[in-house]
Amino acid sequence: MASLTLSSSSARARFGFLLTPKALFGLTVLSALVICGLFAPLLAPFDPAKQDLMRAMIAPQPGGPHVLGTDHVGRDLLSRLIYGARVSLLIAAAVVLFSGAFGVALGVVSGYFGGRTDSVIQKFLEVFWAFPPLLLAIAIVAFLGQGLGIVILALASQRWIPYCRMSRAEAMALRDREFVVAARSLGAGHLRVLWHHILPNILPSTLVVGTFAMATAIISEAALSFLGLGVPPTIPTWGGMLADARSYISTSWWMALFPGLCIFVTLLGINLLGDVLRARLDPKIRNL
Amino acid sequence: MLGYTVRRLFGVIPVLFLVSLLVFALMQAAPGDPVSMLISDEASAEDRARAAEAWGLDQPAPVQYLNFVRNALNGDFGTSFRYREPVMALVLDRLPATLELALFATLLAVLVGIPLGVLSAARPNSVLDSIGSVVGFFGISMPNFWLGIMMILVFSGYMNLLPSSGREPWGMGLDRVTGFLTLDAVLQGRWDALAQALRHLAMPAIVLGTSMMGIIMQVTRASMLENLGEDYIMTARAKGLSGRTVLWRHAFRNALVSVITITGLEFGALISGAIIVETVFSWPGIGLLLIQGITFRDFPLIVGLVLIYTSLFVLMNLLIDLAYSLVDPRIRMR
């Protein structure tokens, strides 16, 4: 058991890997995303939904009121980007948590018990894995309609699979280890063994898989919104802003540049952070 | 090998069956009455009932599903609500456009990604390796719809160099033989048409191939590094072989297996990744057909396309597995 009070030297040994440029960049981007998401109303200079056709398509004015310009109906771009961060973060966090809980639970049960249970769960997994990336999400939104909950469900529909594969493999390797066998022979039930002995050992790998799942969730949400299949269009999203920008590409480059840059920098940061975490915590995981 | 192939083929059937059940259940769960998409809201109750009967929508859901499966097994994926044409015919008409785009994207990704990966691995931590690593991370982090829009802005908008949408200019008058415009142009000796087809392909293919290029580069590099650390490399060097021979003839040949695998898997993913790229560039493939189908709530078209996409994807992955087991017989033993 890790004690909560760490001396500074052991803290450096544990978390020093987070002080490399790659990791710092990733952590900065992630913090910025969280801050924008949590404090959007305080940070945004304008109401993101306020339309003003007299002030439509103003080019970025450094120092002016509309620092990053306005869109085709006069909404302030910077404010919409900040509120867009909120949607990206909310959806990505929900997808990562739900698919993580579902995938790890299923994977641990599959790997720990093996046999019949394992083959049924693996067949179930195979069905969801059969769909090409994003297609199942597109189909779910196409049939069930657009809503925050449905988009989260759609994006989580395949995201749980990497968690499931990873935790199955780990549980299989752990179930015959001495400390598990010892716990069993001391009379611990399966549930207790799973919770106290298997799960804690899977956490580092879950963190790695979760980081990449977050990147995938953010880009998939943006893609769905771009296709007009994301959350309802009244909510500002980076993908939705890019879809709007398509029609005004010849006159208003800023409408296309900034939302895309937000998605790109966010993904780059999370991917770099994921790479650092993977190298440190679990070099085995590659493309699950 | 034959036994393994047959076993894998039969393993795919229940999966595809369950996939169809899942997609059909989703359609049944959709809010609203599909008949209202067939007929105007002002139609009389009798007309509505007649339309429902004609399209088999009056049957209970399980019967509708069984009918659907029976027809699908005969290659009939139903009739589009909007086009009033068989879904299969619509798909076959547009499939070559998607495949041509995916093939060119793959070609680009392979031609850039593999050399970059090999050369980065040959000199780890060199300037070239850093460039390669940056390109790799940019490739996987770049949203392809944004890259597409920015390329349109620069190459169509500012420079007026490349067309921003479609596969060919209006009235090019090229006869369709294979549906692959580049191939059709060559077959008919229409060099002007070939140039036009390539000009239209350029941006969509680059955009679609970028993330694949990043992935291929990273896999090539990792696999090369692994092989370069093996004893046989030291033996080859000790024999006095040149660095280039060791790199390409020895290490690269062994790294090729994983490179081919990832290329195949990514090609399957590209076909659905093309949905977004086709939307950006108004490329008349099956991806654009799907998005238009969703806009019009054309349920038979959506169901048919989702199942055709998934079948293609599953078969592609199966082929890769089989090819892999041909190269590495240990896999068949499992």
Ranked from the most accessible area to the least, with a 1.4 Å probe and all protein chains present, what is the order of A:Glu221, B:Glu46, B:Glu230? B:Glu46, B:Glu230, A:Glu221
Work through the residues other than A:Thr206 whose Cβ is under 10 Å from its Cβ and net out their charges, Lys, Arg +1 and Asp, Glu -1. -2
Enter the angle in degrees (range 0 to 90, nearest 10) between the Cα long axis of helix A:148-174 and the first principal axis of the Cα atoms of chain A, meaning the one along which they spread out most. 30
Over all pairs of distinct alpha carbons, what does the Kirkwood formula give as the hydrodynamic radius of the protein assembly as shown, in Å? 26.8
Relative contact order for the range B:93-327 using alpha-carbon pairs under 8 Å, separation at least 6, rounded to a whole percent? 30
For chain B, the helices passing both cut-offs (Cα extent along own axis of 24 Å or more, Kyte-Doolittle mean at least 1.0, full DSSP H runs) are B:2-29, B:87-122, B:253-280, B:299-327
Mean residue ellipticity (222 nm) of chain A, computed from DSSP H runs ≥ 4 via -39,500 (n - 2.57), nearest 500: -23500 deg cm²/dmol
Placing unit charges on C-beta atoms (Lys and Arg positive, Asp and Glu negative, everything else neutral), compute the dipole magnitude of the range B:93-327 about its Cα centre in debye, rounded to 20. 540
Could you give the dipole magnitude of the protein assembly as shown about its Cα centre, charging the beta-carbon of Lys and Arg +1 and that of Asp and Glu -1, in debye to the nearest 20? 2180
Once the piece of chain linking A:Val67 and A:Thr251 is laid out straight, how much longer is it, given 0.36 nm per residue of separation minus the C-alpha distance between them? 64.5 nm
Over all pairs of distinct alpha carbons, what does the Kirkwood formula give as the hydrodynamic radius of chain A, in Å? 21.0
Nearest-ten-degree value, helix A:199-226 long axis tilted from longest Cα axis of chain A: 30
Just want the answer: with Cβ charges of +1 for Lys and Arg and -1 for Asp and Glu, which residue in B:Val87, B:Leu128, B:Phe17 is farthest toward the dipole's positive end in the range B:1-153? B:Leu128
Accessible area of B:Thr235, 1.4 Å probe, to the nearest 10 Å²? 80
A student asked for the Cα radius of gyration and Dmax of the range B:93-327 in angstrom ought to give 20.3, 68
Summarise the partner chain shielding of B:133-144 as one whole number: the mean count of Cβ atoms from other chains within 10 Å of each residue's Cβ. 5
If I take R0 = 60 Å and measure r between the Cβ atoms of A:Thr28 and B:Phe296 in this structure, what FRET efficiency does the formula 1/(1 + (r/R0)^6) give, to the nearest 0.05? 0.85
What whole-number volume per residue, in cubic angstrom, does the convex hull of the C-alpha atoms of the range B:29-139 give? 194
Just the accessible area for B:Tyr83, please: 1.4 Å probe, Å², rounded to the nearest 10? 60
If packing is taken as the average count of other Cβ atoms within 10 Å, what order do B:302-308, B:48-54, A:179-185 fall into, highest mean first? B:302-308, B:48-54, A:179-185
Gap separating the Cα centres of the range A:237-263 and the range A:16-51, nearest whole Å: 20
Work out from phi, with θ = phi - 60° and the Karplus expression 6.51 cos²θ - 1.76 cosθ + 1.60, the ³J(HN,Hα) of each residue of the range A:40-47, listed in order in whole Hz, and give x for Gly and Pro. 3, x, 7, 7, 6, x, 10, 6
Compute the accessible area per residue over the protein assembly as shown, keeping the other protein chains in place, probe 1.4 Å, unit Å². 47
Each residue of the range A:230-235 in turn: what ³J(HN,Hα) in whole Hz from Karplus with 6.51, -1.76, 1.60 and θ = phi - 60°, glycine and Pro shown as x? x, 5, x, x, 6, 8
Residues meeting the amide H criterion for B:Thr79 (H placed from the backbone, H to H distance under 5 Å, 5 or more places apart or on another chain) are B:Val87
Counting only other residues whose beta carbon sits under 12 Å from that of B:Ala54, what net charge do I get with K and R as +1, D and E as -1? 0
What does the structure give for A:218-228 when I average, per residue, the other chain Cβ atoms found within 10 Å of the residue Cβ? 4
Exercise: per-residue mean of other protein chain Cβ atoms within 10 Å, B:291-303: 2
Projected convex hull area of the range B:155-244, Cα atoms, direction-averaged, in nm², equals 10.1
Dipole of the range A:102-237 (Lys/Arg Cβ +1, Asp/Glu Cβ -1, origin at the Cα centre): which of A:Ala182, A:Gln146, A:Phe128 lies farthest to the positive side? A:Ala182
In deg cm²/dmol, rounded to 500, what helix-only [θ] at 222 nm does chain B give when every DSSP H run of at least 4 residues adds -39500 (n - 2.57) and the total is split over its residues? -23500 deg cm²/dmol
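The values are calculated or read from the model by the stated rules, or taken from the named source; none is laboratory data. The shown structure was predicted, so the numbers you read here are calculated from the model rather than taken from an experiment. Using ideal geometry, Cβ is built from the backbone for each residue, glycine included, and neighbour counts are taken over all protein chains shown. Side chains included, ligands, DNA and RNA excluded: accessible areas come from the protein's heavy atoms. Shrake-Rupley method; radii C 1.70, N 1.55, O 1.52, S 1.80 Å.
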